[in-house]
Structures are given as C-alpha cells and as structure tokens.
1. For residue 102 and residue 78, calculate 0.36 nm times their separation in residues minus their Cα-Cα distance, and state this gained length in nm to one decimal.
2. Anything over 27 Å Cα to Cα? Flag those among 165/210; 176/207; 70/112; 192/212; 26/112; 165/191, in the order listed.
3. Subtract the Cα-Cα distance of residue 218 and residue 155 from 0.36 nm times their separation in residues, and report this length gain in nm to one decimal.
4. Starting from the Cα gyration tensor of region 19-105, multiply each eigenvalue by 5, take the square root, and state the resulting semi-axes largest first in whole Å.
5. Which GluC sites (Glu not before Pro) in region 32-111 sit in a loop by DSSP (not H, G, I, E or B) and have at most 16 other Cβ atoms within 10 Å of their own Cβ?
6. What order do you get for 124, 84 when you list them from fewest to most C-beta neighbours inside 10 Å?
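No lab work stands behind these numbers, since they all come straight from the coordinates. Note that the structure is predicted; figures quoted are calculated from it, not measured. All Cβ positions, glycine included, derive from the backbone under ideal geometry; neighbour counts span all protein chains shown.
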Amino acid sequence: MKPKRPQEVVQNDLFKTRLDEFLNPKHELYRLASKIDWARLDEEFGPFFEAEQGAPALSTRLIAGLHYLKHAEGLSDEAVVKRWVENGYWQYFCGETFFQHEVPCHPTSLTKWRQRIGEAGCEWLLLLTIEAGVATRTVKKRDFQSVTVDTTVQEKAVGFPTDGKLHEKCRRELVKLAGQHGLPLRQNYNKKAPLLLVQSHRYHHAKQMKRKQKALKQLKTLVGSCLSGYPAATAATGAGRAKGASGRPGQNPADTESETHRQKTNSTAFMHRKWNASVKGKHTKNTSSASKSASR
C-alpha cells in the first residue's frame, strides 16, 4: 500500500520531551528540515506503490531522509540506520517528534525502496536537494552552469612497457602495417601470441611469477621476430617488382638478356658443384670399402 503520512503530534507527552524543544534551531539539519517540501515527495513517489494491496509502506520522509544522510556522511545502509538511533538531529530531520530508541526499519528496506523508484527517482531526489540549497542561498544558480570534476582519484588504465598486453599490441600493429603495405611476413604468430598472453595472466593469478616472466619473454621474442621480418619482406617485395618489370615496354632488351644469362650461369655452376660433390662422395665411399676389404 501507499505510505501513510505521519500525523503531527499536537499534544505533548508527560514523560517525553519534544525534539524541537531541546535541539539547536541553528543546526544545519534542523534548518534544512523546514526547507524541503516533504509533501511533494509523497506526490511524486505515490504512483510507485499500490493503493490497496499489501502492508502500508514506510514513511516517505523517513526513507528519503535516511538516503540524504547516507550520502552526506558516506555511510552504508546498516550504518546509517544504527546511527539514526543515536542522533536526535537525524530523527528530527526524518520527521520524528519524540526521541526514538529503536531502529526505524531494516537496512534492506532502503535497498528495496531504491529499486522501486529507480534511477530517475534518485535523480529527482538530488534535484530537490539542489532546490533547497538555492532556497537557503547556500549555492547560487550560476554555480550550476559549469561543473569542475577532479579526476585524480579515478582509476587509470596504465600499461607498463613490460606488460604482455603492450607486447601483443605491438605485434598486432606490426602485422597490420605489413598487410597494409603488402609485405609478406614469414610468420605473424596470430595463434601463438594470444595464447601466450592468456597463459601469462593465468600464471600471474596463480602467483607463479617465474613461469609468467618466461611467457612474457617468449611474447617479446615474437614481437622481435615480426620486426626482424620487415627487411626480408621488403627485399622479397622489391625482387618481385623487379621481376614483374622485366616485360614492361620501354625496357632495354640487353638488360633483360644479361639478367637471363646470369641466371643460367648461376644455375649451371650450381649443377656443376652438385655433380662434383656427388662424384667425390662416391669415390670416397669406394676407397673406404677397398681399404676395409684389404685389411681383412
């Protein structure tokens, strides 16, 4: 059901003292309690509750006040509920008339209330706080035109040069550049390098630092191998371009004939060396066989 509005206690209690009679009226929470439109909270959050089904919900002023105190003091749900019992100003801010000696609700009620109102409801609570700050001249409207954010406490994704992620990123960039310029690398290690990176992370999680350093060293070696393959790939590409340009129009036929003659000469010389080596091997084999038979 919808939360019931707390009724104002007009009649005093003989054995209790009202909070507004012994608290300091100049206290910030005492003054802020009169500046917030608590009836507006019931109107805004009323549609989130059923009209006739279920038990009556907790007071909207109580739950909203606990949330304000929680974020102002940086406390958890459990801590803010416990400290509420010890502080009379907190109780007066949440709408209590007399001092209470028991917790007002279970800490999980705050979580369920946040889930019910959603993110939009929490933003509206913040807007109501800003309006109260402008009404009390604590802040000015021009203060909200620009926002200054201090990012020194935010986490930074810093990767050190010895990190395996940087080695893997270097290897991927080298392979990418080689593909863009048409350089055929001997190996790109697209399968082996990611596995080494995952393996190093697992070794780090298992506190096996020696094995982790070994995996990182192998990963660094693969990066160096990709980098050293650039000159060979460049030379191979240049030779292929020169070979393809041999049949272009306007080329000197004498240069083409001399290149062909040089290739034939090199191949002939290679065949002669291979033939002499095979003959020499056969002669050595026959000589060793004859010496063995003579010794017998």
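1. Extending this stretch completely gives an extra 7.3 nm.
2. Violating the 27 Å limit, Cα to Cα: 176/207; 26/112.
3. Additional length available on full extension: 19.7 nm.
4. Sorted largest first and rounded, they come to 23, 16, 13 Å.
5. Here the GluC sites (Glu not before Pro) that fit, given the DSSP loop and packing criteria, are 50, 52, 102.
6. So the residues, fewest neighbours to most, are 124, 84.
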